[in-house]
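Reading through the structure tokens given below for one structure.
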Amino acid sequence: MCAPKVSNHRTREMAENRERTGHVLVWEQAEMATDEGIMPPKKFGSRHYIVFMLFLGMANAYVMRTNMSVAIVAMVNQTAIEKENELLDDECPDTDYGDDNKDDDQDGEFIWSTSMQGYILSSFFYGYVITQIPFGLLAKRYGAMRFLGWGMLINSVFAFVVPVAARQGGAGWLIAVRFIQGLGEGPIVPCTHAMLAKWIPPNERSRVGSIVYSGAQFGTVISMPLSGLLADHGFDGGWPSIFYVFGIIGTVWSIAFLLTCHEDPVSHPSIREDEKKYIQQSLWGNASVHIPPIPWMNIAKSLPFYAILLAHLGQNYGYETLMTELPTYMKQVLRFSIKTNGVLSALPYLAMWLFSIVVGWVADWMLTSGRFNHTWTRKISNSIGQYGPAIALIVASYTGCSRALTVAILTIGVGLNGGIYAGFKINHLDITPRYAGVLMAFTNCSANLAGLLAPIAAGNIIEGKPTIAQWRIVFVIAACVYLFTATFYNVFASGARQFWDDPANDEPQKPSIEAPNGDAPNGNGTTTATLTHRTVNEQQS
């Protein structure tokens, strides 16, 4: 892409900015890349390896999160539980396929009521939510890589304890272990965001963000059928093998991540020089410069931040409705459950995974082509990701007794939802690369809490009367949440770096005295000598 012409006054201003601060402004990146000949290295580089490991980490996290929902079916003695009378709607005819009778024949080891099973399944979630913001703040101060690696190692190691806790301590100990696993997984999203901010140039963020966060769907696609297979044919009674196998995989990944990945390009000992220069100059030096205190007041008054926050809230509410309530609707009203078919249950996740990667590549093409800026690219991608599911929910509420059509709409709606990864999900990195992890911690924590409202609202609306008309209310409410939050995002979102994250406005750092035994480390895992050396080089160039 050809860089626009720059006036002599603008050229002098850019030079003065670089000479004064050692930083390159984000809106100067196109001119800088052309003037200095800095182009993206073509070879597989260190940043690509980081992306690959973060993708596997995200997949690992969602495997750990979802495997209990499959395992608990095999753990519980279904025939020993006094079942409540299940309410079914008689508007649709019976079907001779897709029922859940085979689940009733399974006799597991534990006699846990439905409510107790709910406590067990939700215990992981509560541990996960309460660590979002603390780890986001800690990652900003001390670096993200080790928190992510050690957190996932704790999550994986405690997976080995799940069978022992259930058999020796019962439901109480199992809830405690799952809660600890949730605590360990807390850093995954904010720390991943923080690392992407340090490693990925702006024009690569759409596809990279989509690839990394689509690991959630990939992990779910892998976890559901494999967990079912292990529950039926695994060792030590079947269901324990789910936690042993995935525990081993998670432990291996965590150790490999801690040993082979690095916080940023500056601290990487073997990164190619051309790739390091490309990343540093593209990122305005944010991977290694001093990061000042978080500008809380400016963030609190930032409409682009609230646009991301509301989009995230709407996403989690709508997604929980799509993935949690539609299967219930199909069972209560349509007398058909996709949970009995491994292919159908994984199909929506597979569609979302594939579509999110496609949208990510298209979004980066939109940016590099010069036809769209970051703001329009994010808004278009997010519109696909949230308006699409909203329409699908409304249509699904009017499909009547058509089972095949409902499954198709579910798959299309969840598939289109993949557009969010090139939309609001990566938008934190655009508006504030240096504080992206902190902002993601706040929005992700809030959004997960909002996701709890979906089953609560649905339960209250359909309680005692699971008719098509009542379910239509559930779907329309979720669609309206999608529509409102997506529209708010389209009005107030921005893809431009905000003024309160402008290194040119930072207060000058006081020169540090080098430690006798070498470089004095700063809070970002880099050294004062490294920073001084880099600043001098930039001033000379």
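The values are calculated or read from the model by the stated rules, or taken from the named source; none is laboratory data. Nothing here was measured: the structure is a model prediction, and the numbers come from that model. So basically every Cβ, Gly included, is an ideal-geometry build from the backbone, and we count neighbours across all protein chains shown. Areas reflect the complete protein model, heavy atoms only, side chains present, ligands, DNA and RNA absent. Shrake-Rupley method; radii C 1.70, N 1.55, O 1.52, S 1.80 Å.
Observations on the structure shown:
- Contacts under 8 angstrom Cβ, first residue in the range 348-367 being under 25 Å from Leu405 (Cα atoms) and modelled with pLDDT under 90, partner surrounded by fewer than 21 Cβ atoms within 10 Å (Cβ to Cβ) and not hydrophobic (A, V, I, L, M, F, W, C), 6 or more apart: Pro348/Thr411; Ala351/Thr411
- Of all residues in the range 419-476, those satisfying the criterion of being of a type in the set (Gly, Ala, Ser), at pLDDT below 85 and over 22 Å from Val359 (Cα atoms) are Gly437, Ala450, Gly451, Ala454, Ala457, Ala458, Gly459, Gly464, Ala469.
- Looking only at the range 361-393, and only at residues there that are of a type in the set (A, V, I, L, M) and touching a Gly at 6+ places or on another chain (Cβ under 6 Å), the one that is surrounded by the fewest Cβ atoms within 10 Å (Cβ to Cβ): Ile384
- Subset of the range 259-307 that is touching a helix residue (DSSP H, G or I) at 6+ places or on another chain (Cβ under 6 Å) and open to solvent by 40 Å² or more (accessible area, probe 1.4 Å) - its residue that is modelled with the highest pLDDT: Leu303
- Counting the residues of the range 163-197 that are of a type in the set (A, V, I, L, M) and under 25 Å from Met75 (Cβ atoms) gives 10.
- Checking Thr399 against (1) hydroxyl-bearing (Ser, Thr, Tyr); (2) assigned to a helix (DSSP H, G or I); (3) more than 19 Å from the chain's Cα centre (by Cα), the condition it does not meet: (2)
- Condition broken by Thr485, with the remaining ones in (1) under 27 Å from Pro292 (Cα atoms); (2) open to solvent by less than 50 Å² (accessible area, probe 1.4 Å); (3) in a helix (DSSP H, G or I) satisfied: (1)
- When Asn60 is tested against (1) surrounded by fewer than 16 Cβ atoms within 10 Å (Cβ to Cβ); (2) within 28 Å of Phe218 (Cα to Cα); (3) at pLDDT 65 or above, only condition (1) is not met.
- Among the residues of the range 232-251, those identified as closer than 18 Å to Arg167 by Cβ, open to solvent by 20 Å² or more (accessible area, probe 1.4 Å) and in contact (Cβ under 8 Å) with a residue 24 or more places away in the chain are Asp236, Gly237, Tyr244.
- Candidates Gly186, Gly143, filtered to the one that is open to solvent by less than 10 Å² (accessible area, probe 1.4 Å) and in contact with a helix residue (DSSP H, G or I) (Cβ under 6 Å, 6 or more places away or on another chain): Gly186
- In this structure, Ile249 does not satisfy being closer than 29 Å to Asn316 by Cα and not in a helix (DSSP H, G or I).
- Any hit, the range 442-465, residues being part of a helix (DSSP H, G or I), crowded, with 23+ Cβ neighbours inside 10 Å and over 22 Å from the mean Cα position of the chain (by Cα): yes
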